[in-house]
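What follows is a short report on a single structure.
The values are calculated or read from the model by the stated rules, or taken from the named source; none is laboratory data. Computed from a prediction, not measured in an experiment: that's the story for all the values here. FYI the Cβ positions are ideal-geometry reconstructions off the backbone, even for glycines, and counts take in every protein chain you see. Heavy atoms of the whole protein, side chains included, go into the accessibility calculation; ligands, DNA and RNA do not. Shrake-Rupley method; radii C 1.70, N 1.55, O 1.52, S 1.80 Å.
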Amino acid sequence: MRSVGIVVPAFDPDVEALVAYLDALQEVLQPTRLHVELDAGSPDAVAAIETSPATVHNAERRRGKGAAVTAGFETLDTDVLAFADADGSTPAVYLGTVVDRVRDGDADLAVGSRRHPDAEVASHQTLARRFLGDGFAWLAGRLLNVDLYDYQCGAKAISADAWEQVRTHLYEAGFAWDVELVAIAGALDLRVAEVPIEWEDKPGSTVSPVRTPLALFRALLAARHRSKRLRDSQLHEALAARRDEPP
């Protein structure tokens, strides 16, 4: 059986809910390593997480989801690397179905999907967030090599070998890291599987209906540019040559 490590990135989490989620992840998936990357956490939050089955690293400042997951993955020494959002919106058993696609060798990168026709959504997002997510998925499917229903669900797993291939091509520090990961995996011809899950929207999102679409659009164009360069696009090589700094 291939070993599994799970990283949970967290910033200002509901600590009681997080600890309960960590207990569930440990019970259901029995990972070799369960680890929390906490951004600017309080001493009380760290102490509570330390009572769970997980190890925890508390960064002094807020780094962003992408930076936190990357830092966590770099501490793992397992065959499969997975992450899940700290709010527990993806039940542990469904994260297990995502992990199994990689652990069984069916995919190099498995992506949980809330928008897949076979997904079960327990409670829906606001209309604005649903519109944003659906519109972004439609656009990303036309700009990237990988066409998915959902690029940013907080439940993904990747093999250690695939991680070694993509890690040096990832630049996004925040929530756009998910789409960059998928874009680079597609550019490198890795096997990407979309896995329908059960999902429950949690209150307290920090997504801004104004700033988020702009940031996502910029990140999507950057991910497309980097993925095209990896596929030896002459146009994108020429664009990169005009820049003063590397992408």
Original post:
Taking a 1.4 Å probe, which of LEU214, LEU38, LEU190 shows the most accessible area, and what order do the others take after it?
Top reply: LEU214, LEU190, LEU38
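Quote to one decimal, in nm, the extra length available between GLN30 and ALA193 on full extension: 0.36 nm per residue of separation minus the C-alpha distance between them.
Numbers: separation 163, 0.36 × 163 = 58.68 nm, distance 2.24 nm.
Computed gain between GLN30 and ALA193 is 56.4 nm.
Given a Förster distance of 41 Å, report the FRET efficiency between ARG218 and ARG2 from their Cβ-Cβ distance, rounded to the nearest 0.05.
On the way: r = 36 Å, r/R0 = 0.89.
FRET efficiency, ARG218 to ARG2: 0.65.
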**OP:** Quickly work out the GLU120-to-ASP77 label distance, labels modelled 7 Å from Cα along the C-beta direction, and quote it in nm with one decimal.
**Re:** 3.9 nm
Original post:
In segment 72-105, which residues have a backbone nitrogen under 19 Å from the label point lying 7 Å from GLU200's Cα in the Cα-to-Cβ direction?
Top reply: 84-98
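Pull out a ≥ b ≥ c, the square roots of the eigenvalues of the alpha-carbon gyration tensor of segment 52-196, then state rounded if a/c is under 1.5, prolate if not and a/b is larger than b/c, and oblate in the remaining case. Don't skip to the end; give the middle numbers.
Working: a/c = 1.30, a/b = 1.18, b/c = 1.11.
Rounded is the answer for segment 52-196, as its axis ratio a/c remains below 1.5.
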**OP:** Can you send over the solvent-accessible area of LEU230, 1.4 Å probe, protein chains only, in Å² to the nearest 10?
**Re:** 50 Å²
Subject >> Solvent-accessible area of HIS116 with every protein chain in place, 1.4 Å probe, in Å² to the nearest 10 >> reply: 40 Å²
Original post:
To the nearest 0.05, how large is the calculated FRET efficiency for GLU50 and LEU143 if R₀ is 41 Å and r is the Cβ-Cβ distance?
Top reply: 0.45
**OP:** Return the distance in nm (one decimal) between the two label points of a simple spin-label model at ARG231 and ALA20, each offset 7 Å from Cα along Cα→Cβ.
**Re:** 4.4 nm
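Mind ranking TRP177, TRP138 by accessible surface for me, highest first, 1.4 Å probe?
Numbers: TRP177 0, TRP138 145 Å².
The ordering from most to least exposed comes out as TRP138, TRP177.
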Original post:
Got a sec? What order do ASP87, ASP44 fall in by accessible area at 1.4 Å, biggest, i.e. largest, first?
Top reply: ASP44, ASP87
Original post:
With labels modelled as points extended 7 Å from the Cα through the Cβ direction, what inter-label distance (nm, one decimal) is found for ASP12 paired with ASN58?
Top reply: 1.7 nm
